[in-house]
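Quick note: the coordinates plus some simple rules give every number you see, no bench work behind them. Nothing here was measured: the structure is a model prediction, and the numbers come from that model. Positions of Cβ are backbone-derived with ideal geometry, glycine not excepted, and every protein chain shown enters the neighbour counts.
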Amino acid sequence: MATAPAPGLDCTGRLEDAHAALKKPQRPEIPRKTIYRLSLYLRCLHRLKSNAIRTVSSEALAKAAGVKSTQLRKDLTYFGQFGTRGLGYDVEQLAQMITDLLGTNSLQPVILVGVGNLGLALLSYRGFEQEGFEIVAAFDLDVQRRRNKEVAQPIYPMEKLAEFVRQRGVKMAIVTVPASAAQEVTNTLAQAGITGILNFAPIVLSVPEDVMVNNVNLAIELENLSYFIQD
């Protein structure tokens with residue numbers, strides 16, 4: 001009976017191409033909701049570190065994040081088996097593992113498109129840098145428009161967006177333009193090489209398969225709250 005060739009060998013027994021053998025393993029496919037929860041766990045771990053807490057049980061971390069402990073343990077299986085029975089997780093180690101997975105070890109450059117009131121507020125917010133992100137520039141159709149506050153980031157016309165993105169290696173963008181302009185802006189971002197978009201426009205965007213969009217719709221969030229506060 002014929003047997004399959006050994007790993008690393010072709011059908012004649014010769015070594016396969018060295019390049020193929022040295023390919024980096026792909027990251028595990030992790031559900032989007034799990035990625036969101038990992039971000040919650042990371043913030044809880046940062047608070048524990050600031051309070052000089054070195055270990056945490058799955059029950060305590062789950063409670064702090066607002067999830068069930070069984071869910072937390074399932075989410076952490078993507079990192080393999082670790083943690084000490086009876087002691088829990090090493091806070092520093094787990095925080096570093098999640099940070100490595102999310103790719104926030106160093107400041108990631110982000111651009112913002114649409115410098116209206118919301119755009120200005122986001123440009124002025126300094127908390128992004130503490131989380132590993134830096135808004136390095138903004139883009140708008142009307143660069144010379146009078147605005148009610150000064151911001152540290154330069155504001156460029158849209159014509160310079162593609163060149164800036166390519167030169168700076170930017171992969172993420174925040175969209176704070178009106179719904180009527182959001183799709184056109186998104187097309188420009190995708191063509192320039194942006195692969196992650198945080199969208200504040202109240203519209204569902206059409207994007208290529210390799211572009212990820214997270215939508216922030218404040219009206220929908222308020223509507224959800226409205227349901228639960230009714231008598």
One finds, for L40 and Q144 with R0 = 30 angstrom and r their Cβ-Cβ distance, a FRET efficiency to the nearest 0.05 of 0.15
How big is the equivalent ellipsoid of the stretch 133-192 along its three axes, where each semi-axis is √(5λ) from the Cα gyration tensor, reported in whole Å from largest to smallest?
-> 18, 16, 11
Listed pairs K33/K171; K68/K171; K33/K68 exceeding 24 Å between Cα atoms = K68/K171
Mean Cα-pair separation over length for the chain, i.e. relative contact order, pairs under 8 Å, 6 or more apart, % | 12 percent
Length added when fully stretched, E159-N217, from 0.36 nm per residue minus Cα-Cα | 18.1 nm
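Residue separation times 0.36 nm, minus the C-alpha to C-alpha distance between R126 and S180: what's the value?
That pair, R126 and S180, stretches by 16.5 nm at full extension.
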Calculated from DSSP H runs of 4 or more alone, at -39500 (n - 2.57) each and per residue, what is the 222 nm mean residue ellipticity of the chain, nearest 500?
-> -12000 deg cm²/dmol
Which translational diffusion coefficient, to the nearest whole µm²/s, is obtained for the stretch 56-190 from the Stokes-Einstein equation, given a Kirkwood hydrodynamic radius over C-alpha pairs, 4 °C and 1.567 mPa s?
-> 73 µm²/s
So the pair-distance distribution of the chain, from every Cα-Cα distance in 10 Å bins, comes to percents of 6, 23, 26, 23, 15, 5, 2, 0
Can you give the translational diffusion coefficient of the stretch 164-205 in µm²/s, computed by Stokes-Einstein from the Kirkwood radius over Cα pairs at 25 °C and 0.890 mPa s?
-> 236 µm²/s
Compute the FRET efficiency between R73 and N224 as 1/(1 + (r/R0)^6), taking r as their Cβ-Cβ distance and R0 = 30 Å, and round to the nearest 0.05.
-> 0.60
If you count, for each residue, the other Cβ atoms within 10 Å and average over each peptide, how do 56-67, 95-106 line up from highest to lowest?
-> 56-67, 95-106
